[in-house]
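Data first, discussion second: the structure below is written as C-alpha cells.
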Amino acid sequence: NKQVIFKDYVTGFPKESDMYVTTSTIKLKVPEDSNAVLLKNLYLSCDPVMRILMQPVVPSDFSSYTPGSPLNGYGVAKVLDSGHPDFKVGDLVWGANTRWEEYSLTTATESLKKIKHTDVPLSYYTGLLGMPGVTAYAGFHEVCSPKKGEYVFVSAASGAVGQLVGQFAKLFGCYVVGSAGSKEKVDLLKNKFGFDDAFNYNEEHDLDAALKRYFPEGIDIYFENVGGKMLDAVLLNMRTHGRVAVCGMISQYNLDQTEGVKNLMHLIFKRIHVTGFSSLDYHHLYPKLLDTVLPYIKEGKIVYVEDIAEGLESGPAALVGLFKGRNKGKQVVVVARE
Ligand code: NDP
C-alpha cells in the first residue's frame, strides 16, 4: 500500500521534502465483525488548508497532521469491501478524511458521502461537486448577498474556488473581474470562464491603481482568497455598504506573522460588511449545489478546469505547487481511475 507520509511540522513554505512516499502492507479485506469500510482511493484533492494542518497548533475546526502518518484530505474512493450496512462493494464515495494512500481501511464512515451522479468526471467531487463547490456556492450566494448588476472582484480567480465564484456571479448577472498570477491564467479567466475582465497581479506594482482601472465606480463584492496587500488595496476601492466574503488568505499561510492591513478604517468609512466563513457550515446546501450545477455542466453553462497530477508519487509536488501558483485550475492527484 503506497502512502505519502507527513514528515514533520513545517515553517515557511512547504517543500516536497516535508513528505515522503513509502510502502506498507494492508489486508484487502475488512476484518470479521467490523463495521469498517475498505476503500480504494481514486482522486485526492490538494487544498491550501493542508498547509495550515502542517502546523502543530491549528484552529479548533481542524486537527494537525501527525508526523509519521499519511496526509489526509478530501478525496474520491471506491468501496472494495464493507462491514457497514450503508456501504456496499462498488459504491463510489467522496469525503473529508481520505488518506494519501492507495487503500484505506476506515471506520470514519460518517464523513463519506455516496456519489449518485456518475455521468460527470468523478474527479469533480474533489472540486466543483465537492468542498470547493460548496465554498464557492455558499460563499457567493449566501455570504456575499449579491444583487444583479453589482461589481464583483475575485482573487486567486482561476483556482478551484475562484473559477466557480466568477461563473456563479456571471450567471447571477453581476460584473466580474478576477486576478491571477500569470498571463495564461488571465486568458483562462477571460476566455474560458467568461469573466468580464481580469489582470495579472504580478504585473501590477500598484494594486490600488489597478483596481481603480478595473473598477472606476468601485467594488460591491470582494471574494477574498489571498489576503495581505490585495485586501488592503481592495478596502480602498470598496463601495459604501460593500461586502467582503473572507474565504481564505493564501498569501499569509507561509508567513510567521500575518502582514499588516493599513486600510481597515475603510470598513467604517464605507460601512463594509466583512464575513469570514467556512464551507464546514454550509454542507446543508450540498443538494442545492448539485441541483443547480449538474444541469449547468450538462448544458455547458459552467466549465471546470482541473490540473491533473498522475500517481500518488506526484502528490507532494502538486500540493507544494499551490503556494507557487503552479496549478492551473483545481489541483487533483490521480491515484487510480477505477
Ligand atoms: P487554488 O486552486 O486557487 O490554488 C491556490 C492559488 O492561490 C494558486 O494557484 C495561486 O494562484 C494563488 N496563490 C498562491 N500563493 C499566493 C500568494 N502569495 N498571493 C496571491 N495568490 C497566491 O486554491 P483554492 O481555490 O482551493 O483555494 C482558494 C482560497 O480559498 C484559499 O485561500 C483557501 O484557503 C480558501 N478556501 C477556503 C475555504 C473555506 O471554507 N473558507 C474552503 C476552500 C478554500 P495565482 O497564480 O493566481 O497566484
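Surrounded by fewer than 18 Cβ atoms within 10 Å (Cβ to Cβ), free of Cβ contacts under 8 Å to residues at least 24 places away in the same chain and within 24 Å of Gly315 (Cα to Cα): does that describe Thr22?
yes
Residues Lys15, Lys29, Lys40: which one is more than 21 Å from Ser279 (Cα to Cα) and under 22 Å from the mean Cα position of the chain (by Cα)?
When all the criteria are applied, what remains is Lys15.
Return the pair list, or none, for Cβ contacts closer than 7 Å from residues in segment 188-207 that are in contact (Cβ under 8 Å) with a residue 60 or more places away in the chain to residues that are hydroxyl-bearing (Ser, Thr, Tyr) and part of a loop (DSSP other than H, G, I, E, B), at least 6 apart or on different chains.
Partner pairs satisfying both residue conditions: Leu188/Ser158.
Against the conditions (1) at pLDDT 95 or above; (2) under 29 Å from Gly12 (Cα atoms); (3) more than 13 Å from the ligand (Cβ to nearest atom), where does Met249 fall short? Just the number, please.
(3)
Looking at segment 138-159 only, could you name the residues that are part of a helix (DSSP H, G or I) and buried (at least 24 other Cβ atoms within 10 Å of the Cβ)?
Ala138, Gly139, Phe140 - these are the residues of segment 138-159 that are part of a helix (DSSP H, G or I) and buried (at least 24 other Cβ atoms within 10 Å of the Cβ).
Against the conditions (1) buried (at least 17 other Cβ atoms within 10 Å of the Cβ); (2) more than 28 Å from Thr258 (Cβ to Cβ); (3) within 16 Å of the ligand (Cβ to nearest atom), where does Ser111 fall short? Just the number, please.
Failing condition for Ser111: (1).
Counting only residues that are surrounded by 15 or more Cβ atoms within 10 Å (Cβ to Cβ) and either over 20 Å from Asn191 (Cα atoms) or out of contact with any strand residue (DSSP E or B) (no Cβ under 9 Å at 6 or more places or on another chain) (or both), how many does segment 291-307 have?
Number of matching residues: 7.
Test Ala169 against the criterion of being in the same structural domain as Thr275 (by TED's automatic domain parsing) and within 13 Å of the ligand (Cβ to nearest atom), and give yes or no.
When the stated conditions are applied, Ala169 does not pass them.
Scan segment 252-271 for residues that are assigned to a helix (DSSP H, G or I), of a type outside the set (Phe, Trp, Tyr) and more than 16 Å from the ligand (Cβ to nearest atom) and jot them down.
His266, Leu267, Ile268
Show the residue pairs meeting these rules: Cβ distance below 6 Å; 6+ apart or different chains; first residue within segment 175-186 and within 15 Å of Val165 (Cα to Cα) and free of Cβ contacts under 8 Å to residues at least 40 places away in the same chain; second residue more than 9 Å from the ligand (Cβ to nearest atom) and basic (Lys, Arg).
Listed by first residue and then by second, the contacts come to Val176/Lys170.
Of the residues Gly300, Gly329, Gly325, only one is more than 12 Å from the ligand (Cβ to nearest atom), among the small types (Gly, Ala, Ser) and within 23 Å of Lys192 (Cα to Cα); which?
Gly300
Being assigned to a helix (DSSP H, G or I) and over 25 Å from the mean Cα position of the chain (by Cα) is the filter here, so list the residues in segment 237-251 that pass it.
Asn237
Condition check: farther than 29 Å from Asn202 by Cβ, assigned by TED's automatic domain parsing to the domain that holds Ser111 and either surrounded by 13 or more Cβ atoms within 10 Å (Cβ to Cβ) or within 10 Å of the ligand (Cβ to nearest atom) (or both). Does Leu285 satisfy that?
Judged against the criteria, Leu285 is not a match.
State which residue pairs qualify: first residue closer than 18 Å to Pro287 by Cα and inside segment 129-149, second residue in a loop (DSSP other than H, G, I, E, B) and among the small types (Gly, Ala, Ser) in any location, beta carbons under 7 Å apart, and separation of 6 or more residues or different chains.
Partner pairs satisfying both residue conditions: Pro132/Ala160; Gly133/Gly127.
Restricting attention to segment 1-34, report how many residues are part of a strand (DSSP E or B) and under 19 Å from Pro56 (Cβ atoms).
Within segment 1-34, residues that are part of a strand (DSSP E or B) and under 19 Å from Pro56 (Cβ atoms) number 3.
Could you grab me the full set of residues in segment 234-246 that are among the hydrophobic types (A, V, I, L, M, F, W, C) and either surrounded by 20 or more Cβ atoms within 10 Å (Cβ to Cβ) or within 11 Å of the ligand (Cβ to nearest atom) (or both)?
Listed by number, the residues that qualify are Val234, Leu235, Met238, Val244, Ala245, Val246.
Only one of Leu129, Leu164, Leu122 is of a type in the set (A, V, I, L, M), away from the ligand (no atom under 16 Å from the Cβ) and either at pLDDT 95 or above or in contact with a Lys or Arg (Cβ under 9 Å, 6 or more places away or on another chain) (or both). Can you tell me which?
Leu122 is the lone residue from the list that is of a type in the set (A, V, I, L, M), away from the ligand (no atom under 16 Å from the Cβ) and either at pLDDT 95 or above or in contact with a Lys or Arg (Cβ under 9 Å, 6 or more places away or on another chain) (or both).
The values are calculated or read from the model by the stated rules, or taken from the named source; none is laboratory data. These numbers come from a predicted model, not from an experiment. No Cβ is skipped: glycine too gets one built from the backbone with ideal geometry, and neighbour counts run over all protein chains shown.
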